[in-house]
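Some notes on the structure that comes next.
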Amino acid sequence: MHHPPLSLTKTVSLLLVSAGLALAAPSPIQERADRFLALANAGYKGLYRVNSEAQWAAVTDVTPAHDAASETAGQAAAAFNGNPALINEARDLLTHRAELTELAVRQLNQLLLNAAEGPMTNPSLVAARVEAETKQASVLNSFEFKLDGKPITANQIDDKLDNSTDLNERRRVWEASKESGPALKPGLMKLRDLRNGCAQELGHHDYFALQVAAYGMKTEEMVKLHDDFLAQLRPLYLQLHTWTKYKLAEKFHQPVPKRIPAHWINNRWSQEWGGLVEAANIDDRFKDRTPEWIIKTAEQFYTGLGFGPLPPSFWAKSDLYPVKPGDPRKKNTHASCWHIDLENDIRSLQSIESNSRWFYTAHHELGHGYYFMAYTRPEVPPLLRTGANPGYHEGIGELIALASSQVPYLQSRGILPADFKADATAFLLDDALSRSLPFMFWSSGTMMHWEADVYSKNLPADQWNARWWQYVRDLQGVEPPSPRSEEWCDAATKTHINDNPCYYYSYAVATVLKFQLHDHIARKILHQPPQACNYADNKEVGAFLKRIMEKGGTEDWRKVLKDATGEELSTRAMVEYFKPLQSWLEAQNKGRQIGWD
Ligand code: X8Z
Ligand code: ZN
């Protein structure tokens with residue numbers, strides 16, 4: 001709680017309080033802020049709903065009419081959120097921040113961050129941005145991939161990369177997955193300038209700096225935070241990288257490469273290295289399960305912890321399954337979860353199929369849904385119905401996905417048989433490869449650095465692809481199957497580069513955070529080893545998470561973490577979790593050349 005210096009009115013009201021007569025009356029400046037924020041919150045919330053409804057229609061069914069409606073709603077939201085009258089009043093009030101409650105200051109800061117997304121001090125710039133954003137989303141969401149001239153869905157691409165052992169086929173599929181880049185590059189070039197322009201209009205250096213400001217940080221601090229993460233995780237990553245390249249060379253009967261060819265890895269961007277550890281492959285366990293079972297089982301994880309069921313409208317209004325073959329509807333194929341009205345209208349967009357990939361993704365998305373529900377309460381004003389920072393919002397679902405992957409949990413739910421004899425090292429290795437280490441070198445590494453270069457350093461567009469692959473090579477130790485010239489724009493094939501810019505490092509924060517929260521839960525609440533525990537139906541775990549989530553954005557994220565775990569944000573828990581793996585990998589890699597330099 002923020003303690004402003006005593007003002008005259010405060011002194012008087014304190015006297016009243018000490019006489020037991022009344023609560024402290026707010027100061028005139030606090031009253032002015034309260035009146036302003038009541039109006040600002042009401043407008044924000046109303047327009048948020050209208051805008052979300054229009055965008056939801058546009059991403060679940062790409063048509064010119066939905067695009068047009070989405071653009072109009074985007075303009076309307078900006079007309080309010082970026083209104084100069086709002087900006088001026090918020091700024092003026094913040095010059096009196098010492099006299100305001102922390103809750104008011106946080107709302108005013110958030111309002112100014114929102115305003116910088118569409119500052120109506122420059123209406124033509126905002127109009128151009130909203131138009132370009134809508135167009136880019138439309139191109140992204142309706143893009144049709146083709147393999148050998150025939151349409152292929154994103155799920156089919158992923159399935160082929162999961163299963164094909166034919167390197168020629170893998171290469172054609174991988175190359176097909178990069179075809180959207182050239183279609184998206186012109187829009188992205190335009191958007192880089194428009195997004196930077198909006199952020200600069202309100203005094204931010206660039207759009208990356210604006211997004212980092214949501215953490216109360218500067219760009220350089222954020223970059224250093226992530227570079228430090230990678231420095232701490234590098235010894236383990238090098239061991240994993242070495243193990244993987246030998247494993248894949250054997251699998252594909254190839255000589256051992258220095259760097260791993262991208263099309264050898266199951267994920268299109270080499271962001272996760274799944275499917276490498278046979279003894280931990282549980283894909284078969286999902287073959288007989290329906291997509292409906294997957295999402296219901298994910299919900300059950302949360303209800304078991306003591307959270308309520310998802311609202312009925314979630315089931316009525318979500319769009320959870322792939323478009324049926326032959327149906328011409330085009331929808332975004334990347335999973336997301338939406339707080340449509342900042343109240344109880346919560347929806348998820350997915351394309352769930354029966355495999356472990358979608359099992360974890362469903363748990364991730366519901367993490368957003370339960371976060372929305374936890375902070376939807378009168379104490380949290382609409383402007384602060386956010387995560388403590390964006391990494392928290394990503395982190396809850398990642399935590400539950402981690403918990404849902406552990407053997408004792410899978411056994412307790414009958415997904416693995418009760419007498420299943422798990423190879424602990426295999427599961428830990430798969431955990432590291434599929435959900436943790438390569439992901440850090442991709443998110444803290446390639447994704448963060450590329451976007452920082454593009455937005456803060458204005459990297460010329462004729463160097464975009466070279467810079468992208470420089471980071472993939474240097475940081476991930478992965479290389480393309482053949483040189484990728486500037487005719488391609490491989491970064492733009494990643495959904496978030498287009499529709500959630502300068503955000504991706506939040507997934508790295510989420511990964512670090514999930515191990516810290518998990519470590520606390522395993523040791524302090526469950527008293528079980530972090531590598532093999534079972535959260536199922538534990539209400540204390542639920543209460544622990546609820547205390548974090550119900551705050552929304554009302555407190556500083558550092559304080560939230562410290563209060564919950566006693567720790568600062570740190571890779572300590574992640575490093576300890578994988579400790580048993582380091583020596584095992586060193587033994588496996590004995591005599592092998594470690595690293596790629
Ligand atoms: O985008 C997501 C979620 C939606 S917020 C499915 N994730 C990242 C990705 O797929 O690239 C989850 C982890 C990483
Ligand atoms: Zn997410």
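The values are calculated or read from the model by the stated rules, or taken from the named source; none is laboratory data. Note that the structure is predicted; figures quoted are calculated from it, not measured. Using ideal geometry, Cβ is built from the backbone for each residue, glycine included, and neighbour counts are taken over all protein chains shown. In case anyone asks, the SASA skips ligands and DNA or RNA and just uses the protein heavy atoms, side chains included. Shrake-Rupley method; radii C 1.70, N 1.55, O 1.52, S 1.80 Å.
If you stretched the chain out fully between residue 142 and residue 543, how much longer would it get, using 0.36 nm times the residue separation minus the C-alpha to C-alpha distance? Let's see the in-between values first.
Working: separation 401, 0.36 × 401 = 144.36 nm, distance 4.14 nm.
So the extension gain works out to 140.2 nm.
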| field | Computed E for residue 165/residue 31 - FRET, C-beta separation, R0 56 angstrom, nearest 0.05 | value | 0.20
| Derived scalar couplings ³J(HN,Hα) [the range 308-321; Karplus, 6.51 cos²θ - 1.76 cosθ + 1.60; whole Hz; x for Gly, Pro] | x, x, 5, x, x, 5, 4, 6, 6, 10, 5, 10, 9, 10
| said: Under the rule of at least 5 residues apart or a separate chain, name every residue whose amide H is placed under 5 Å from the amide H of residue 145. | reply: 152
| said: Need the C-alpha centroid separation for the range 36-74 versus the range 88-136, integer Å. | reply: 17
| At a Förster distance of 25 Å, what's the computed FRET efficiency of residue 179 paired with residue 500, Cβ-Cβ distance as r, to 0.05? | 0.75
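Mind checking the full-extension length gain between residue 584 and residue 234? Use 0.36 nm per residue of separation minus the Cα-Cα distance, one decimal, nm.
Details: separation 350, 0.36 × 350 = 126.00 nm, distance 1.61 nm.
Fully extending the segment from residue 584 to residue 234 adds 124.4 nm.
Using only the C-alpha atoms of the range 518-597, find the volume of their convex hull and express it per residue in Å³. If you can, show how the numbers build up before the last one.
Details: hull volume 11.0 nm³, N = 80.
Given the Cα convex hull of the range 518-597, per-residue volume reads 137 Å³.
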| request: Read phi for every residue in the range 176-193 and hand back ³J(HN,Hα) as whole Hz from Karplus 6.51 cos²θ - 1.76 cosθ + 1.60, θ = phi - 60°, with x for Gly and Pro. | output: 4, 5, 9, 5, 6, x, x, 5, 9, 4, x, x, 5, 4, 4, 5, 4, 5
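Between residue 91 and residue 466, how high is the FRET efficiency from 1/(1 + (r/R0)^6) when r is the Cβ-Cβ distance and R₀ = 35 Å? Nearest 0.05.
On the way: r = 41 Å, r/R0 = 1.18.
For R0 = 35 Å, the calculated efficiency reads 0.25.
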| For the chain, size of Cβ-based charge dipole, Lys and Arg +1, Asp and Glu -1, in debye | 480
| request: At 1.4 Å probe size, with every protein chain present, just tell me what the per residue accessible area of the chain comes to in Å². | output: 40
| message | Sequence gap at least 6, Cα distance under 8 Å: using those rules, report the relative contact order of the range 135-205 to the nearest whole percent. | response | 33
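Can I get the semi-axes of the chain's equivalent ellipsoid? Compute them from the C-alpha gyration tensor as square roots of 5 times the eigenvalues, in angstrom, largest first. Could the numbers behind the result be given before it?
Details: eigenvalues 315, 172, 113 Å².
Those come to 40, 29, 24 Å.
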| note | Between residue 479 and residues 5 or more places away or on another chain, the pairs with built amide H atoms under 5 Å apart involve 260, 262
| task | Extending each Cα 7 Å along its Cβ direction at residue 249 and residue 424, get the distance between those two points in nm, one decimal. | result | 3.1
| Sorted by packing (mean other beta-carbon atoms within 10 Å per residue), highest first, where do 500-506, 171-177 land? | 500-506, 171-177
| the range 202-256 and the range 334-391: distance between their alpha carbon centers, rounded to Å | 25
| remark: Only helices counted: for the chain, with every DSSP H run of 4 or more residues adding -39500 (n - 2.57) and the sum spread over all residues, [θ] at 222 nm is -18000 deg cm²/dmol
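Subtracting the Cα-Cα distance from 0.36 nm times the residue separation, let me have the gained length for residue 135 to residue 327 in nm, one decimal. Could the numbers behind the result be given before it?
Values: separation 192, 0.36 × 192 = 69.12 nm, distance 2.27 nm.
Working it through step by step, the gained length comes to 66.9 nm.
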| request: Calculate what fraction, in whole %, of the accessible area of the chain sits on carbon and sulfur atoms when a 1.4 Å probe is rolled over the protein chains. | output: 54
